[in-house]
1. Of the conditions (1) at pLDDT below 95; (2) of a type outside the set (Phe, Trp, Tyr); (3) outside any loop (DSSP other than H, G, I, E, B), Asp52 satisfies every one except a single condition; which number is it?
2. Search the range 246-272 for residues being over 21 Å from Thr200 (Cα atoms) and in contact with a Pro (Cβ under 8 Å, 6 or more places away or on another chain), and hand back the single one that is surrounded by the most Cβ atoms within 10 Å (Cβ to Cβ).
3. Condition first: open to solvent by less than 50 Å² (accessible area, probe 1.4 Å), within 27 Å of Ala228 (Cα to Cα), in a strand (DSSP E or B) and out of contact with any Phe, Trp or Tyr (no Cβ under 9 Å at 6 or more places or on another chain). Can you find one or more residues in the range 172-180 that meet it?
4. Starting from residues that are open to solvent by less than 40 Å² (accessible area, probe 1.4 Å) and assigned to a loop (DSSP other than H, G, I, E, B), keep the ones in the range 1-32 and report whichever is farthest from Thr102 (Cα to Cα).
5. I'd like to verify a number: residues in the range 49-58 that are without any contact (Cβ under 8 Å) to a residue 12 or more places away in the chain and open to solvent by less than 60 Å² (accessible area, probe 1.4 Å), how many?
6. Does at least one position in the range 229-245 carry a residue that is closer than 21 Å to Ser281 by Cα, assigned to a helix (DSSP H, G or I), open to solvent by 70 Å² or more (accessible area, probe 1.4 Å) and not β-branched (Val, Ile, Thr)?
7. Do the conditions hold for Ala228, that is, is it farther than 30 Å from Gly340 by Cα and either of a type outside the set (Asp, Glu) or out of contact with any Lys or Arg (no Cβ under 9 Å at 6 or more places or on another chain) (or both)?
8. Of these, Arg93, Arg81, Arg46, which one is open to solvent by 50 Å² or more (accessible area, probe 1.4 Å), outside any loop (DSSP other than H, G, I, E, B) and modelled with pLDDT of 95 or more?
Amino acid sequence: MPHHPLRVAQVPLQRPGATSYLTLLATALSTAGVEVTSADTAALWRLGRARDVDLVHLHWLEFIAPSAPGGAGGLARTVIRHGRLVALLAWLRIRGVKLVWTVHNLRPHEPVRPRLESVLSRAVSRICHTLVAHSEYAAARIRAQWGDSANVTVIPHGNYVDLFSAPAGTRAELRRSLGIPDDAYAFLAFGQVRPYKRLTDLVSGFRRLDAPDVRLIIAGKPVVTEEADHLRRAAADDTRVVLDLREVPDDEVSGLHLCADAAVLAYRDVFSSGALLLALSFGLPVVAPDVGTAAELAGEGAGELFPEGAAGLTAALEAMRDSDHAARAAAASAVARRYGWDRVGTETAELYRELTASGPVQASVGDGR
């Protein structure tokens, strides 16, 4: 166990913004007595050489060692990037640095080189001492993917309660700015517009609702241009669908959620829980798939869960609209408050201390722990 304060490097570098996951985690860890540095791979080589770090915590491999598109040149760049990361982690482990990887997703949402990305993930899963999952469901998926020997610790995703600035207007004023009547029941799908979120399927399922007093707000920045085009075509002749396809600044997030009565996650399943915790933090019950992390977290009145298929999604939207809104909102807020960042910081710091208390690593890299 190090006698100095525990020193941890988080990778990749934190993006600007007080509500980014890495910033929130770093702040919570600092409160728990951990010194946190944000690092890229170049900084890790320096930290490892100087023995200035006790533990490295990885997030999102696709940002740490991104795959390069293109022909032979892109393939070569991808192999070099992936190989360098594996070599760096192996060297850090041999140097006695503990390695943790929070698995936010089993594979990139928009894979560039799926086979190589799969090989990289498997290699990193074996080199790291511990993998972190945000739910029991995610932990089970990780073990199914990389073997029962995978050492997985469940630490929940933190909530977003009171982290965003207050809305810039009243609910009625904000609704008017979006063309939403005061008495309409509004569903919100918030976040980046990406194919895996199945937003065009959501529009199709929503349009099957035979009700003039419902609205669907889809707000977020398109990551894939073609997906945004598909979405515009799907919603073109239904005035009940409100598209706000742009990067929503932090100071508008609370206003959008104030406009809504419920959130929708139309994914095939929810592996991690950031979008889910965001909705619950604003007291929005969620319509979500009946498998995955959403079912695990939002089952106690905070969610209306649907089976695979368009009919199931439509029925869940209808059931949510017809339910007791006050009771649903109270259940959503109650679930969110279980997952404060103080809890996340404490549990993560405890994991770090357990790992560093075990002393230098004697086993060889790839021993399956």
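1. Status for Asp52: all satisfied but (3).
2. Ranking the qualifying residues of the range 246-272, first place goes to Gly255.
3. no
4. Top of the filtered list is Pro2.
5. 1
6. no
7. yes
8. From the options Arg93, Arg81, Arg46, the qualifying one is Arg81.
The values are calculated or read from the model by the stated rules, or taken from the named source; none is laboratory data. The structure presented is a predicted model; accordingly, all values stated were derived computationally and were not measured. Positions of Cβ are generated from backbone atoms using ideal geometry, with glycine treated the same way; all protein chains shown enter the neighbour counts. All accessible areas refer to the heavy atoms of the entire protein, side chains included, with ligands and DNA or RNA removed. Shrake-Rupley method; radii C 1.70, N 1.55, O 1.52, S 1.80 Å.
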